Each structure stands twice: as structure tokens, then as C-alpha cells.
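The values are calculated or read from the model by the stated rules, or taken from the named source; none is laboratory data. Given the structure is predicted, the values throughout are model-derived calculations rather than measurements. Heads up, the Cβs are rebuilt from the backbone with ideal geometry, glycines too, and the neighbour counts pull from every protein chain shown. What goes into the accessible areas is simple: the full protein's heavy atoms, side chains included, and nothing from ligands, DNA or RNA. Shrake-Rupley method; radii C 1.70, N 1.55, O 1.52, S 1.80 Å.
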Amino acid sequence: MIYLDHNATTPLHPQVLEAMLVCLQEHWGNPSSPHSLGNQARMVMQQARARIAESLGCEPSEVVFCSSGTEADNLALRGVAGALRSRGNHIVTTAIEHHAVLHTCDALEEEGFRVTRVPVDRQGVVDLESLERSLTDQTILVSVMHANNETGVLQPVEEVARMAARREIPFHVDAVQTAGKFPFRLPELGAGLVSLSGHKLYGPRGAAALFVREGTPLRPILTGGSHEHDLRAGTENLAGLVGLAKAVELAVQDAAEEGRRLTGLRDELEARLSSSIPEIRINGAQARRVPNTSNVTFPGVDGESIILGLDLAGICVSTGSACSTGEPEPSHVLREMGVSRRDAQGSIRLSLGRGTRQEDLDLTVQVLADTVARLRRITSI
Ligand code: PLP
């Protein structure tokens, strides 16, 4: 099997699995318990928190463990909205966020908040002027993703951070698609809130984190015990958190080198696809992108049919956001970039990862060229 869907999820790194197994077998106590088994579990959890903080350049007290990138995004958005409701009711985000952010904004609108979804240009980069113009004295939160999950296009989050900071507006970055893929330290992003998720960086599902910079106003969305600095109640998924910490540590160690390798492979893949399949377009190709992602439009062909054709040959790719699989609507991200409805439906995402080798891509180009030629013949009959 050739797996080219690493933006949907990644396999567990063997060292992550090993660390988790030790934890499941030996440290199964409840970190809140007062006895020695509990103390041991608490220590393991503190170590995991400290490792993440050190890898990403923040304080351990600024790491809030939670269950998924979706939960981290919800905590950031609903948490700030709840904490600052008396100060204002306006939230600014972009039109190409993941549904974890966009659908949360829809829900907040139903609760009386006003949301501005800033457009992007044809390369998928947020329009900074329009973002700045949208900020008012009622704005209580800005949320912009670091890289888009469908195109890999990086957003100018550092500039947005400066705009938000000038007005003392909390800034959230959904870094689910960059943590571990792209070398960065949290302070460099300039955000008060940053989401990341274990299963996108060779860690486990069910383990994620929200970085909450000291002093950022946030109201918990889950209430109960006083876990996670009173910000996220619920007995901790200790093995998951240990796995997350190991995954973050490993990813940060070789993000630069692996990034160079994947950029080389991705660029070669795109060059070969362009020379062997007529009329294709690489979406966001002129923008800065994460190293592993390629979003390609094959005009005149249905993306779902390409995926089926590749799957029959043992190659896994997707049309974009895994969460929207099965939805008949074409990608909101591509539509916002000005891609026609038809072309958006003829687009697929190839996302490379640690296991990807040149031979995999050679075969993928060959199968894609055959599949697209066959589908184009059928549709022209
Ligand atoms: N944000 C982005 C940019 C994503 O790509 C995803 C998942 O694809 C999420 C949030 C949600 O993360 P999780 O799958 O951990 O809930």
C-alpha cells in the first residue's frame, strides 16, 4: 500500500507506541489520586507536559491537554467568546478554516456573536488588508490557521499576530497541520492560543493540546474537576499524553531535515504530474506551503473517481478534508480560492509523510496518468 494521506492522519511512530505501552502497563494510576500510584502517574504527566513545553518553547503551565484538534479549536473559540462576552461580540476568522473552527463560529453566531470570515486570494492566502479593516473595538478574538489542511498553504500568522496585538485582541492559531511538519517555536507565532493534534504528527488519536499563553482570557467548555489548570475537566488520558509528548519531541527534532526531504519529493512529484498529465493545475503552488502537501486539479474528471482508481491500485489519497468525505459539496477552500465548482470536484490532495519514498511517487504518477486518461476517455464518449 502507498499512503499519501498524511494530512488526514499518520501512523504511530514506533517510539511513540513503545512509550505508550510502558505507560499503559505501568502508569495506569489516576494522576489526581493521593497515593503513590497516583503520584507516579502525576509525575509522568508532568514530564510529558514539560517535554512538550521544551520542544515548542513555552511554559509547562501553558499546555492544556485535550482530546483532539477539534476540541482544542472549540476551547479556544468558545473559551475566549465566553470569557470576553462583556467586552464585545465580534470574532474574525478566515473563509478557509477547518470545519472545527468554521462550524464553531456558525454555532457562536447562533448564540449572538458576529463573525467575519475574511476571504483569501487565488493562492489561498488570507487578505491581510481586509482582515485589518474588519477589526473593530468589538472584536474579541482573531482565529487564523497556520497552514491549510487541503492545500498546505501557509498563512501570514506573524503579521496577523502583530495586528491583533496592537489592539490587544486575543489571537488563536490552528497549527494542527504545521506542528511537527514545519519548524517553529510557539513564541515566534505571536499567538495567545495555538491548537495541535497528536494523530497528525505520528502520535495517537485522542491526545491533543491547546497552548494558552499566560494571561489569555479563557473560560472552560468542560466543567467538572480542576484538571488542566481548571481549563479542561476530566481524568487525563495519560498514555495518550505520553504518546503526544514523544511525538512532538521526535517531530521537532527532525522537522527541518524531513521538511527538506519532503519538499524535494513533493516538487518532483508536481513537476512529473505536470509533464505527464495535460491541463492539470497545482492549487496554491505560488504560495508558501508546508513541505508535504500537493492539491491538484484535473479538469474534466471527478476527484472521487480518481480516488477510487488509485485505491484499486493500493494508493491512498483524498479529496481534501477527511471530515467532509461523503459530503456532496465541493471543497469550500478551493471555492474560496476562485476554483470553479466543477474543477473543485476534480481535485485531489496528495499528502506525503515519513514513509514516502521516491519509488512510491513514481508509481503514483504512472497510475494517476493512466487513471485520468481513462476517465477523460469515458467522459468524452
Ligand atoms: N484543524 C485542522 C487544520 C485540521 O486539519 C484538523 C483535522 O484534519 C483539525 C483541526 C481537527 O483535528 P482532529 O482530527 O484532531 O480533531
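When a 1.4 Å probe is rolled over the protein heavy atoms, the share of accessible surface on the stretch 14-251 that falls to carbon and sulfur comes to 50 percent. Calculated FRET efficiency, residue 316 to residue 134, Cβ-Cβ distance, R0 = 35 Å: about 0.35 to the nearest 0.05.
Roughly what percent of Cα-Cα pairs across the chain reach past 29 Å? Across the chain, Cα pairs with separations above 29 Å total 43 percent.
Report for the chain the percent antiparallel among DSSP-assigned beta bridges with both residues inside it, nearest 5. Just about 55 percent of them are antiparallel. A straight chain from residue 257 to residue 32 at 0.36 nm per residue would run longer than the Cα-Cα distance by 77.1 nm. Taking label points 7 Å from Cα along the Cα-to-Cβ direction, residue 226 and residue 46 give a separation of 1.6 nm. Counting only protein heavy atoms and a 1.4 Å probe, the stretch 249-363 has 45 square angstrom of accessible area per residue.
The Cα center of the stretch 266-326 and the Cα center of the stretch 207-260 differ in position by 32 Å. Modelled spin labels at residue 335 and residue 86, positioned 7 Å past Cα toward Cβ, are 4.0 nm from each other. Ligands, DNA and RNA left out, the 1.4 Å accessible surface of the stretch 259-343 is 51% carbon and sulfur atoms. Sorted on the mean count of surrounding Cβ atoms within 10 Å across their residues, most packed first, peptides 68-76, 135-143 read 68-76, 135-143. Per residue, the accessible area of the stretch 46-160 comes to 35 Å², computed with a 1.4 Å probe over protein heavy atoms only.
A prolate overall shape is assigned to the stretch 168-291, the ratio a/c of its alpha-carbon gyration tensor axes (a ≥ b ≥ c) being 1.5 or greater and a/b exceeding b/c. Largest mean-square fluctuation among 330, 34, 60, in a Gaussian network model of the chain whose springs join Cα atoms under 10 Å apart, belongs to 34. In this rough spin-label picture, where each label sits 7 Å from Cα along the Cβ direction, the residue 165-residue 185 distance is 1.4 nm. Between the stretch 136-197 and the stretch 23-94, what is the separation of their alpha carbon centroids in Å? Here the answer is 18 Å between Cα centres.
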